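One structure is given here, and the rest of the page talks about it.
The values are calculated or read from the model by the stated rules, or taken from the named source; none is laboratory data. All figures in this text were calculated on a predicted structure; none of them were measured in a lab. Every residue, glycine among them, receives a Cβ derived from its backbone with ideal geometry; neighbour counts consider all protein chains shown. With ligands, DNA and RNA removed, areas are computed over all heavy atoms of the protein, side chains included. Shrake-Rupley method; radii C 1.70, N 1.55, O 1.52, S 1.80 Å.
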Amino acid sequence: MKKKIYAFLGMAVLTIVLLFLYDRIKSNKNESLSKYDFAMGTSVSVVTYGEKHDKLENTNNEIVDLIKYYDEKVLSWRSDSSELANLNKNDSMMMSKELEPAVKKSYAVCEDSEGALDITLRPVLNVWNIEQATNESFTIPDEDAIEDAINKTGYKNIIIDENNISLKNDVIIDLGSTAKGYILDVCYDALKDKDIYGAIVTAGGSVMVFGSKDDKSEWKIGIRNPKGNEGDMIGYLSFNDNQKHCVSTSGDYEKYFIVDGVRYHHIIDPKTGYPAKSGLSSVTVISEDGLYSDALSTACYVLGYEKSLPLLEKYDAQAVFIDNENNIYMTSGAKKLFVKQ
Ligand code: ADP
Ligand code: MG
């Protein structure tokens with residue numbers, strides 16, 4: 001009789017222990033959840049890793065709402081209701097805490113790249129209209145139109161004094177080359193204190209990773225083969241230190257038209273007003289800072305490999321350059337992260 005009671009008690013204890021363990025295993029189960037949307041004129045996505053589905057879901061919704069808010073209310077030069085559009089209409093104002101870092105840091109890269117990045121380039125971009133044109137509608141603008149447009153640009157017409165900004169000579173600001181990187185910094189600030197292991201956020205050609213997936217695997221960010229199709233990667237960057245890393249690529253394969261064998265692509269050299277010819281097909285910049293990774297990828301594409309190196313050094317950024325023959329050049333820090341496919 002006693003034996004039976006002990007056996008029964010033993011079974012009961014074992015069942016409780018197993019249930020307890022099962023519950024622990026279940027609650028420790030690593031989940032990931034993705035959300036995709038369209039904002040900032042491109043596709044955006046957020047993937048979060050953690051333990052609780054509900055938290056991941058709420059976080060993903062919050063992040064996508066945040067991206068849309070910044071796009072529509074702060075950064076877009078196209079959206080009538082944004083702060084930037086308001087500045088472009090009124091020529092002078094006090095910047096909000098949301099707009100100020102985007103403009104100041106973009107301006108710094110304009111200066112440091114000596115105008116290879118120019119956030120007042122919109123009139124020239126409009127003359128080319130590469131972003132909106134179709135194969136049927138695209139035409140090469142005539143030289144006079146390009147020259148006239150160049151005369152309406154120049155980042156030196158932006159005057160910044162603390163959070164006060166004014167625009168001289170009717171220039172307008174377009175953050176199309178830096179805002180997708182900036183939004184990654186905004187997302188990171190919102191994500192870092194959440195109860196998650198890590199996340200990967202993408203906005204067009206800019207990607208941010210931080211934390212971990214909690215299964216010890218590294219983050220892999222692919223670099224596209226400029227001569228290949230969309231899914232064809234030349235290699236990838238590997239991150240496994242749990243820190244925040246931002247990666248932005250500017251390439252001549254993203255938006256372009258070929259006329260008489262010449263490729264007219266969407267990255268314009270502000271000095272000539274024509275698509276940049278620096279011998280490169282793409283530049284991928286790696287930085288802790290999302291805005292700088294995005295701004296520098298555009299600037300370095302215009303500058304070419306040699307002239308980019310001091311600029312990258314100044315911003316403590318790394319880069320992978322792919323030239324028109326698909327040769328790969330890297331800064332020393334990028335070599336440690338790059339894995340050839
Ligand atoms: P993407 O927007 O395709 O991710 P980029 O960050 O390189 O790539 O930004 C390119 C966009 O920036 C172009 O579509 C154009 O609107 C604008 N742009 C092109 N050339 C320049 C330049 N030299 N300086 C500032 N903006 C530019
Ligand atoms: Mg850019």
Computed accessible area, Asp260, all protein chains, 1.4 angstrom probe, square angstrom: 150
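Calculated FRET efficiency, Ser217 and Lys68, Cβ-Cβ r, R0 35 Å, to nearest 0.05? Walk me through the intermediate numbers first.
Details: r = 30 Å, r/R0 = 0.87.
E between Ser217 and Lys68, to the nearest 0.05, is 0.70.
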Three-way shape label, the stretch 292-341, alpha-carbon gyration tensor, a/c 1.5: oblate
For the stretch 218-288: rounded, prolate or oblate by the Cα gyration tensor [a/c cutoff 1.5]: oblate
Which of Asn169, Thr48, Asn151, positive extreme of dipole for the chain (C-beta unit charges): Thr48
Separation in nanometres of the label points that stand 7 Å from Cα toward Cβ, at Lys35 and Gln132: 3.1
Sulfur and carbon atoms: percent of accessible area, the chain [1.4 Å]: 49
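Quick one: order Val339, Val283 from most to least accessible surface, probe 1.4 Å. Before the final figure, lay out the partial values.
Details: Val339 55, Val283 0 Å².
I get Val339, Val283, largest accessible area first.
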Pairs of Cα atoms farther than 24 Å apart, the stretch 240-334, %: 20
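Can you pull out the GluC sites (Glu not before Pro) in the stretch 177-272 that DSSP calls coil and that have at most 11 other Cβ atoms within 10 Å? Don't jump to the answer; show the numbers that get you there.
Details: sites: Glu218, Glu230, Glu254; in loops: Glu218, Glu230, Glu254.
Counting only loop positions with at most 11 other Cβ atoms within 10 Å, the GluC sites (Glu not before Pro) in the stretch 177-272 are Glu230.
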Relative contact order (%) - the chain, alpha-carbon pairs under 8 angstrom, separation at least six: 16
Charge dipole magnitude, Cβ of K and R +1, D and E -1 - the chain, Cα centre, debye nearest 20: 2120
Which of Ser79, Leu66, Ala108, positive extreme of dipole for the chain (C-beta unit charges): Leu66
Prolate/oblate/rounded call for the stretch 157-256, Cα gyration tensor, a/c under 1.5 rounded: oblate
Loop-located trypsin sites (Lys or Arg not before Pro) in the stretch 259-324 whose Cβ has at most 16 other Cβ within 10 Å (DSSP): Lys271, Lys277
Largest-first principal axis extents of the Cα set of the stretch 56-212 (Å): 56, 43, 30
Per-residue SASA entry for Ile140, accessible area with 1.4 Å probe, Å² rounded to 10: 70
Extension gain (nm, one decimal) between Glu114 and Asp189, 0.36 nm per residue minus Cα-Cα: 24.0 nm
Alpha carbon centroid spacing (whole Å) that separates the stretch 111-180 from the stretch 275-341: 22
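Which value at 222 nm does the chain reach when only helices count, each DSSP H run of 4 or more adding -39,500 (n - 2.57), with the total divided by all residues and rounded to the nearest 500 deg cm²/dmol? Write out the running numbers ahead of the final one.
Details: 10 runs with 121 residues, N = 341.
One gets -11000 deg cm²/dmol as the mean residue ellipticity at 222 nm.
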For the chain: Kirkwood Rh in Å [reciprocal of mean 1/r, alpha carbons]: 21.9
Sequence of Ile234, Ile258 when ordered by accessible area, the most exposed leading, probe 1.4 angstrom: Ile258, Ile234
Residue-normalised accessible area of the chain, given per residue in Å² at a 1.4 Å probe: 52
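Using a Förster distance of 56 Å, how high is the FRET efficiency between Asp142 and Glu57, based on the Cβ-Cβ distance and rounded to 0.05?
On the way: r = 53 Å, r/R0 = 0.95.
With a Förster radius of 56 Å, E is 0.60.
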Two-site label geometry, Asp91 and Val339: point separation in nm, points 7 Å out along Cα→Cβ: 5.6
Residue-span extension gain [Asn163 to Glu98] - 0.36 nm each, minus C-alpha spacing: 22.3 nm
